[in-house]
Amino acid sequence: MHPRVSVITLGVTDLPRARRFYSEGLGYRVLRGSDENVVFLDGGGVVLGLYPRHLLAEDAQLPAEGSGFGGIALARNVASKPEVDAALERAQSAGARILKSAREVFWGGYSGYFADPDGHPWEVAYNPHWELDESGLVKFAE
């Protein structure tokens, strides 16, 4: 068995709003199999799923209530500092709330954070220590 992440599902309070934010606002491509109950987005090698929060909690047998930091942040790496700035601006224009403006960070890179309409935190980062392939995926030496 090869360890990998295939799908990341975000519990959302308003599925049509979340679909618009990610597809129209951020440019994610909606995948086949999406309908009025669930949305699947092309996450560049990982499927990003959007599903009603209360149903996701029910499926996992967890309480749906809760707010604040959930102990996880999603991240997108880009090839330059200006791309970080542009991605944060696009997210904000689409309805995201900027959590941390882009800046130099302690590990030598440049990053900032936004929250999607449901409060899920996303980091956008330029990491000069990592190489990205032609499709934007992080390349690691074997």
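Using 7 Å Cα-to-Cβ label points, what is the residue 115/residue 29 separation (nm, one decimal)?
So the two model labels end up 3.2 nm from each other.
Would you kindly state how much longer the chain becomes between residue 75 and residue 140 on full extension, computed as 0.36 nm times their sequence separation minus their alpha carbon distance, in nm to one decimal? The partial results should precede the final answer.
Details: separation 65, 0.36 × 65 = 23.40 nm, distance 1.66 nm.
21.7 nm is the gain from fully extending residue 75 to residue 140.
Any chance you could give the angle, 0 to 90 degrees and rounded to 10, that helix 81-93 forms with the longest Cα principal axis of the chain?
Tilt relative to the chain: about 30 degrees.
Based on the alpha carbon coordinates of the chain, what radius of gyration and maximum Cα-Cα distance (Dmax) apply, in Å?
Spelled out, the Cα radius of gyration and Dmax of the chain are 15.7, 43 Å.
Using modelled backbone amide H atoms (1.01 Å from N, in-plane), which distant-in-sequence or interchain residues come within less than 5 Å of residue 12's amide H?
Correct list: 51, 53.
With each label point set 7 Å from Cα along the Cα-Cβ vector, what nm distance links residue 64 and residue 89?
With each label placed 7 Å out from Cα toward Cβ, I get 3.9 nm.
Just to verify a number: what accessible area does residue 129 come out at with the full protein assembly present, 1.4 Å probe, Å² rounded to tens?
Surface accessible to solvent at residue 129 totals approximately 130 Å².
Report the antiparallel proportion of the DSSP beta bridges in the chain as a percent, rounded to a multiple of 5.
Numbers: 18 of 29 bridges.
Roughly 60 percent of the beta bridges in the chain run antiparallel, per DSSP.
Give the long-range amide H neighbours of residue 28: residues separated by 5 or more places, or on another chain, with amide H under 5 Å away, using H modelled in the peptide plane at 1.01 Å from N.
23
Helix-only estimate, please: 222 nm mean residue ellipticity of the chain, summing -39500 (n - 2.57) across DSSP H runs of length 4 or more and dividing by its residues, to the nearest 500. If you can, show how the numbers build up before the last one.
Details: 3 runs with 26 residues, N = 142.
Mean residue ellipticity, 222 nm, calculated: -5000 deg cm²/dmol.
Full extension from residue 47 to residue 14: what is 0.36 nm times the residue separation minus their Cα-Cα distance, to one decimal in nm?
Details: separation 33, 0.36 × 33 = 11.88 nm, distance 1.92 nm.
Between residue 47 and residue 14, full extension yields an extra 10.0 nm.
Are there chymotrypsin sites (Phe, Trp or Tyr not before Pro) in the stretch 1-78 that DSSP marks as loop and that have at most 10 other Cβ atoms within 10 Å, and which are they?
Numbers: sites: 21, 22, 28, 40, 69; in loops: 28, 69.
In loop regions of the stretch 1-78 (DSSP not H, G, I, E or B), the sparsely surrounded chymotrypsin sites (Phe, Trp or Tyr not before Pro) are 69.
Tell me, what is the FRET efficiency for residue 2 and residue 105 to the nearest 0.05, using R0 = 22 angstrom and their Cβ-Cβ distance as r? Spell out each step's value before the answer.
Working: r = 31 Å, r/R0 = 1.40.
Using R0 = 22 Å, I get an efficiency of 0.10.
Sort 100, 81 by accessible area with a 1.4 Å probe, largest first.
Numbers: 100 60, 81 80 Å².
Largest to smallest exposure gives the sequence 81, 100.
When only Cα pairs under 8 Å and 6 or more residues apart are kept, what is the percent relative contact order across the chain? Don't skip to the end; give the middle numbers.
Values: 240 pairs, mean separation 29.5, N = 142.
RCO, the chain: 21 percent.
Loop only by DSSP, 14 or fewer other Cβ within 10 Å of the Cβ. Give me the chymotrypsin sites (Phe, Trp or Tyr not before Pro) in the stretch 84-142 that pass, ordered by residue number.
On the way: sites: 106, 107, 110, 113, 114, 122, 126, 130, 140; in loops: 106, 107, 130, 140.
Counting only loop positions with at most 14 other Cβ atoms within 10 Å, the chymotrypsin sites (Phe, Trp or Tyr not before Pro) in the stretch 84-142 are 106, 107, 130, 140.
For residue 36 paired with residue 54, estimate the spin-label separation in nm (one decimal), with each label point 7 Å from Cα along the Cα-to-Cβ line.
Here the answer is 1.7 nm between the modelled labels.
The values are calculated or read from the model by the stated rules, or taken from the named source; none is laboratory data. Here the structure is a predicted model, which means the values were calculated and not measured. Here Cβ is always computed from backbone atoms with ideal geometry, including for glycine, and neighbour counts include all displayed protein chains. Surface areas here come from the heavy atoms of the whole protein model, side chains and all, with no ligands, DNA or RNA. Shrake-Rupley method; radii C 1.70, N 1.55, O 1.52, S 1.80 Å.
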